[in-house]
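The values are calculated or read from the model by the stated rules, or taken from the named source; none is laboratory data. Computed from a predicted structure; not experimentally measured. Cβ sites come from the backbone with ideal geometry, for glycine too, and all protein chains shown count toward neighbours.
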Amino acid sequence: MTDVTNQTQTQEAQMGDYFALMKPRVMQLVVFTALVGLVVAPVGVNPFVGFVAILCIAVGAGASGALNMWWDADIDAIMKRTVNRPIPSGAVQPGEALAIGLTLSAFAVVLLFLATNALAAGLLAFTIFFYAVVYSMWLKRSTPQNIVIGGAAGAFPPMIGWAVATGSVSIESILMFGLIFMWTPPHFWALALFVKSDYGDAGVPMLTETHGRKVTRNHILAYCVPLVLVAFALGFTSIGGPFYLLVAVVLNVWFLTGCVAIWKRTDEDSEADKHAVERRTFIVSIYYLFGHFSALMVEALLRSYGLTSWAGW
Amino acid sequence: MAIRAEHEIHSRRKGRNYGVGLLLLGFIGIVFGLTVVKVLGLTDIRQLERFDHVARPQLEPGALEAAEQRAAELEATSNAEASE
């Protein structure tokens, strides 16, 4: 016991440990979608201000990740997937994570306000609050719908990017939010169907464990259908266009086919081929989101060169 | 006397200290860059004075005229009361 205590005390946290607190993999999605929201907006932004804005959004997302790790340190220590995170591994003290999370949150929000506008900063502050308090502290351990509502936190970045450029919220930014919001549940539930999780041991209610795998399959399809509608609706706004719609047709047919296949299958089918369809659909879901946002970016590029007008768009 | 490492914590925290140093340099760069962008983006340099959070009616278009009109109205009212 003494040895373990001494080892923990002498372990020195390095920059990498603090960086890991910020969930860099989640930050990648945040940076990409926020950048798309910024680029597709009809109002131009000074490149340096745009860079600072994206940095603030990324740091804000990282700060909420640190606050999440501080709050969830007890369950992270139980689950295999999270046991090596900086706090349960002993590299970073919980108090440090809290201090870093709060400081970076304030830093990101204030700097975004000074660099851009109050709406963008307010949305970032709300996103951090939503992820750290509403999702982590409240919903995560109390309802199997945690992923659905918590997914909103991941859906805000393109809306913030749009607000940075325009200073407003519009149907385009709401639909970009809706695309990520509706995409999150089928994406994570497809993963939950083939990954053996220990959420149950940690006391976190996951739909696969609280309501069973059949209900989860139903839910995946139930969220996929409105997701398709949102994806196509985005194509008919000012940021959509023929290229986006072409990409959307391909990706939505691909993903919807996978969701229907998951819905039709039984657990016996799934076990027999080692969850091949669930795995494939999960991978497709990643291409799905990346593809839609990339297509929006390409549309913005085409528009800037006047190449969409020939199609009468 | 030259500064030299006297404690093992200097070598143990070397990476961390360099990291913090780089972050602070980056922060300075961001603040400087934002300042340059904001100042160069001003169409009228007098707008800069608005950022000191002090009310400057003379900088607001029409504010001076409105203040003069209000003063004239007040004067007219007080004259009317005096004559009664």
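The residue that is farthest from residue A:147 (Cα to Cα), counting only those in segment A:217-238 that are touching a residue at least 24 places away in the same chain (Cβ under 8 Å) and over 20 Å from the mean Cα position of the chain (by Cα), is A:238. Taking residue A:239, is it out of contact with any Ser or Thr (no Cβ under 6 Å at 6 or more places or on another chain), at pLDDT below 95 and within 30 Å of residue A:117 (Cα to Cα)? It is true that residue A:239 is out of contact with any Ser or Thr (no Cβ under 6 Å at 6 or more places or on another chain), at pLDDT below 95 and within 30 Å of residue A:117 (Cα to Cα). All conditions but one from (1) over 19 Å from the mean Cα position of the chain (by Cα); (2) of a type outside the set (Ser, Thr, Tyr); (3) farther than 19 Å from residue A:173 by Cα apply to residue A:129; the one that does not is (1). Counting residues in segment A:70-91 that are in contact with a Gly (Cβ under 8 Å, 6 or more places away or on another chain) and more than 13 Å from chain B (Cβ to nearest Cβ) gives one or more. Of all the criteria given as (1) exposed (fewer than 10 other Cβ atoms within 10 Å of the Cβ); (2) modelled with pLDDT under 85; (3) part of a helix (DSSP H, G or I), the one not satisfied by residue B:80 is (2). Please indicate, with yes or no, whether at least one residue in segment A:96-111 is touching a Lys or Arg at 6+ places or on another chain (Cβ under 6 Å), assigned by TED's automatic domain parsing to the domain that holds residue A:43 and either touching a residue at least 60 places away in the same chain (Cβ under 8 Å) or in a helix (DSSP H, G or I) (or both). No, every residue in segment A:96-111 fails to be touching a Lys or Arg at 6+ places or on another chain (Cβ under 6 Å), assigned by TED's automatic domain parsing to the domain that holds residue A:43 and either touching a residue at least 60 places away in the same chain (Cβ under 8 Å) or in a helix (DSSP H, G or I) (or both).
Residues checked against (1) more than 10 Å from chain A (Cβ to nearest Cβ); (2) at pLDDT 85 or above; (3) exposed (fewer than 10 other Cβ atoms within 10 Å of the Cβ):
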position	(1), (2), (3)
B:2	yes, no, yes
B:26	no, yes, no
B:38	no, yes, no
B:41	no, no, no
B:45	yes, no, yes
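Confirm whether residue A:303 is at pLDDT below 95, within 20 Å of residue A:39 (Cα to Cα) and among the charged types (D, E, K, R). It is true that residue A:303 is at pLDDT below 95, within 20 Å of residue A:39 (Cα to Cα) and among the charged types (D, E, K, R).
So that you can scan it fast, the table gives a plain yes or no per residue for (1) surrounded by fewer than 21 Cβ atoms within 10 Å (Cβ to Cβ); (2) closer than 27 Å to residue A:80 by Cα; (3) at pLDDT 95 or above:
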| residue | (1), (2), (3) |
| --- | --- |
| A:180 | no, no, yes |
| A:189 | no, yes, no |
| A:200 | yes, yes, no |
| A:227 | no, no, yes |
| A:250 | yes, no, yes |
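Considering segment A:13-78, the qualifying helices (runs of 4 or more DSSP H), each wholly inside and each with 3 or more residues that are aromatic (Phe, Trp, Tyr), run over A:47-71. Against the test of being out of contact with any Pro (no Cβ under 8 Å at 6 or more places or on another chain) and modelled with pLDDT of 90 or more, the options B:20, B:54 yield a single qualifying residue, B:20. Residues in segment A:239-282 that are hydroxyl-bearing (Ser, Thr, Tyr) and under 24 Å from the mean Cα position of the chain (by Cα) were compared, and the one that is nearest to residue A:177 (Cα to Cα) is A:244. For segment A:93-112, the set of residues classified as under 14 Å from residue A:71 (Cβ atoms) and buried (at least 20 other Cβ atoms within 10 Å of the Cβ) consists of A:97, A:100, A:101, A:105, listed by residue number. Kindly check whether there is at least one residue in segment A:46-53 that is modelled with pLDDT of 90 or more, at the interface with chain B (Cβ under 9 Å from one of its Cβ atoms), surrounded by 22 or more Cβ atoms within 10 Å (Cβ to Cβ) and in contact with a Gly (Cβ under 8 Å, 6 or more places away or on another chain). The answer is yes; a qualifying residue exists. Do we find that residue A:285 is surrounded by fewer than 19 Cβ atoms within 10 Å (Cβ to Cβ), small (Gly, Ala, Ser) and at negative phi in this structure? Answer is no for this residue.
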